Each structure stands twice: as structure tokens, then as C-alpha cells.
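The values are calculated or read from the model by the stated rules, or taken from the named source; none is laboratory data. Predicted model only: the values in this text are computed from it and were never measured. Virtual Cβ from ideal backbone geometry, glycine too; neighbours counted across all protein chains shown. In case anyone asks, the SASA skips ligands and DNA or RNA and just uses the protein heavy atoms, side chains included. Shrake-Rupley method; radii C 1.70, N 1.55, O 1.52, S 1.80 Å.
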Amino acid sequence: LHAHHLACVIYISGSTGTPKGVMNEHGALLNRLLWMQQQYRLTPVERILQKTPYAFDVSVWEALWPLMVGAELVIAPPQAHQDPHWLQQLINTHGITRVHFVPSMLQAFLAQEHVHCPSLRHIVVSGEALPLALQHLCLKRLPQVQLSNLYGPTEAAIDVSHWECTQEDGDSAIPIGRPISNV
């Protein structure tokens, strides 16, 4: 097996609406996973909720990152990603420490009257622009959480840049951030 060998094909429509197959190589995915581990230091005692449908690129790192370091992978039932209340129950029942949201789902999740997820330590957002107001709401409602904004096309092995969000971020748009390693 070599770095340039095909690891997976993910079918997307992107901004064009025309479906296409995106081929990701082992080397690109491995680089992405190694960067994520170096940046965010997942430990074997943590739990990641794999809730993204398998047809989306985020599902690749949701599944492989915890397996790479011996952390626990909790696979959500189908459709769980669409119900904020159910997601909160899953997070609390399984002691999830890290989870991914597209910003629109994070908005729905935080819109619940009572959001209480004491085990949650890190939220990664990607797939859509993260509004500044949503960043501030997230950090206010879940103050123990590190919030990371990632950006990238599926063609580039999921993400190419990252930004660590803080309450001190300015009054304008949230940057897509700095390049991940080797990009």
C-alpha cells in the first residue's frame, strides 16, 4: 500500500448540484488524521459520536480518528443527526467528549431550552460558514467547550484550514483560519 493509492470515493454535488465522485488517497487522509491528532490530542479515554451520514466526508475522520488512537467510537442510530434533543441524550448517555456539527445543526442544537452536556469538551464545525453570533452563543451556552472552525473541499481530504474560536474574536466574519500541516 502506498500513499497515492485510493482510500475512498465520496460522492458529492458541491456548489454545482451536479454529482461527482471525489477520490481521496491514503496519504492525504493520513495527513489529515495525523494533523488532527497533533492539533487536538484525542486520548484513549475519550468518546467521539459518529453521527454524520456515511455519504459525507466528515464521517471519514469521525470514524477513523478515534480508532487511530484507541478512543471509543459511538455510532449514532440513523437519523439521530437530525434531532437536537436526541443528540443531547446520546451525548450525555455515552459521555461524548467530541462531536462535529454543521453550523445550521449547531444552531438547532443550541436552540433547545436546556442544553447541558457536561462531558462535551470539543465541537468541530465545518460544511457551512460559521456565523459569529452562533460562535458566541455556543461558547456562552457550553463554556467548557473548545470550538474549532474547519474549512475545506472534499477533494482536499476533507479540510485544509482551521480556526480556534474564542469569545474575543472580533465583530466580523470568522476566518477560515490557517492551513493544516502539509497543505
**Asked** Can you tell me which of LEU64, LEU33, LEU110 is of a type in the set (A, V, I, L, M, F, W, C) and more than 22 Å from TYR11 (Cα to Cα)?
**Response** LEU110
**strands (runs of 3 or more DSSP E) contained entirely in region 1-52, each with at least 3 residues that are more than 18 Å from the chain's Cα centre (by Cα) and not charged (D, E, K, R)** = 6-12, 20-25
**Message:** Looking at (1) closer than 19 Å to GLU46 by Cα; (2) touching a strand residue (DSSP E or B) at 6+ places or on another chain (Cβ under 7 Å); (3) open to solvent by 50 Å² or more (accessible area, probe 1.4 Å), which one does VAL99 not meet, given that it meets all the others?
**Reply:** (3)
**Asked** Looking only at region 90-137, which residues are of a type in the set (Ser, Thr, Tyr) and part of a helix (DSSP H, G or I)?
**Response** THR93, SER104
**Item:** Meets criteria (surrounded by 22 or more Cβ atoms within 10 Å (Cβ to Cβ), closer than 21 Å to ASN92 by Cβ and touching a residue at least 40 places away in the same chain (Cβ under 8 Å)) for LEU42
**Value:** no
**region 56-89, subset open to solvent by 20 Å² or more (accessible area, probe 1.4 Å) and touching a Lys or Arg at 6+ places or on another chain (Cβ under 6 Å), residue modelled with the lowest pLDDT** = HIS81
